[in-house]
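Taking it in order: structure first as structure tokens, then the write-up.
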Amino acid sequence: MAAAPPSLLGEARSLAGRGIVARLFIVSTPIGNLGDVTHRAVEVLRQVSRILAEDTRRTRILCRRYGIETPLISAHAHNEQARTAQVLDWLAAGEDVALVSDAGTPLVSDPGERMVQGVAEAGHDVVPVPGASAVLAALVASGIAVEPFTWYGFAPRAARARRALIEQIAGLPHTTVLFEAPGRLARLLGELVSRCGPDRRVCVAREITKLHETFFRGTLAEAQAYYDDTTVRGEVVVVVAGAGPAPPEPNADQVDTLIRELLEAGHKPSSAAREAAKRAGIPRADAYKLAIRLATKREGVED
């Protein structure tokens, strides 16, 4: 990740040494309901010299609602490097600046990381103004264990990266939170069913804090069946329960006893091996070898 130009860094550090330290505010904004903005966020947005916005059209709606007349400057993934240099100039001049995303907390699946790093390295204060978060809102309303949890951002579209993510989620013993585009939600749920099993708990949160807010809570199989036949619109957060601790492996004596009981109940060695492998979670080939040995010994005793 590129840092700020050395000349700007040197100038900013020189000013900081003389007590001129401006601030970059990272301001969280509502994820849907405009009433979720904090009083502090409104005050900061009114008082800074400029607001850097991912989409000035979206942020202008919020500003109009709360009478914020601060100039809006675009700052998105395609111009972040150039904007970072400008921000350092403004901060070096003693002007406070605020950074907002389209919704929620900046840098969380949004641009701004390069800018924050450059500003911090230049010696200026980076001040978070907490607020709405789709990740936490979905998590606490999911009905699934809240902590610990792992957040992955948006599920990747590339096949290899996507498979790697699904494998990680399948093996995690704790909760996973991720974003997904509405058009790929059904595909994601199907992939999770295939690797995590149909009975893993899931919550699909859609349009959180908005008019059509919905929470689907159930098993992965139930969610897949529902969303296979449902058109999905808006922003989606998926919360997946952890796999939980792995069951203890049965010891040799337990497996031996299980197969003996199956054989005595009338199972043939192949059937006993299949059932024992399923119940004990051991390779079927190993169970079959043991079943053949025990069946042979049993036949010898009966003879």
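The values are calculated or read from the model by the stated rules, or taken from the named source; none is laboratory data. This is a predicted model, so every value here is computed, not measured. We place every Cβ from the backbone using ideal geometry, glycine too, and count neighbours over all the protein chains shown. Surface accessibility is based on the protein's heavy atoms, side chains included, excluding ligands, DNA and RNA. Shrake-Rupley method; radii C 1.70, N 1.55, O 1.52, S 1.80 Å.
Here are some notes:
- The listed residue being surrounded by 23 or more Cβ atoms within 10 Å (Cβ to Cβ), closer than 20 Å to E235 by Cα and not hydroxyl-bearing (S, T, Y), out of A77, A41, A53, A98: A53
- Among residues of the stretch 75-94 that are of a type in the set (S, T, Y), those with a beta-carbon under 7 Å from a residue that is surrounded by fewer than 19 Cβ atoms within 10 Å (Cβ to Cβ) at least six positions away or on a different chain give the pairs T84/R114.
One line per residue, one yes/no per condition, for (1) of a type in the set (A, V, I, L, M); (2) modelled with pLDDT of 95 or more; (3) under 17 Å from the mean Cα position of the chain (by Cα); (4) farther than 22 Å from P148 by Cα:
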site: F179; (1), (2), (3), (4): no, yes, yes, no
site: R195; (1), (2), (3), (4): no, no, no, no
site: A205; (1), (2), (3), (4): yes, yes, yes, no
site: L211; (1), (2), (3), (4): yes, no, no, yes
site: F215; (1), (2), (3), (4): no, yes, yes, no
site: E235; (1), (2), (3), (4): no, no, yes, yes
site: V238; (1), (2), (3), (4): yes, yes, yes, no
site: G242; (1), (2), (3), (4): no, yes, yes, no
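- Members of the stretch 213-242 that are open to solvent by 50 Å² or more (accessible area, probe 1.4 Å) and within 23 Å of R195 (Cβ to Cβ): R217, E222, Q224, A225, Y226, D228, D229
- Looking across the stretch 124-148, the residues that are more than 18 Å from T105 (Cα to Cα) and crowded, with 19+ Cβ neighbours inside 10 Å come down to H124, S142, I144.
- Some residue of the stretch 257-271 being more than 25 Å from G171 (Cβ to Cβ), outside any loop (DSSP other than H, G, I, E, B), among the basic types (K, R) and touching a Gly at 6+ places or on another chain (Cβ under 7 Å): no
- Of the residues making up the stretch 156-173, just one is out of contact with any Ser or Thr (no Cβ under 7 Å at 6 or more places or on another chain), in contact (Cβ under 8 Å) with a residue 60 or more places away in the chain and surrounded by 14 or more Cβ atoms within 10 Å (Cβ to Cβ), namely A170.
- Within the stretch 154-185, being more than 29 Å from T29 (Cα to Cα) and of a type in the set (G, A, S) holds for A158, A159, A161, A164, A170, G171.
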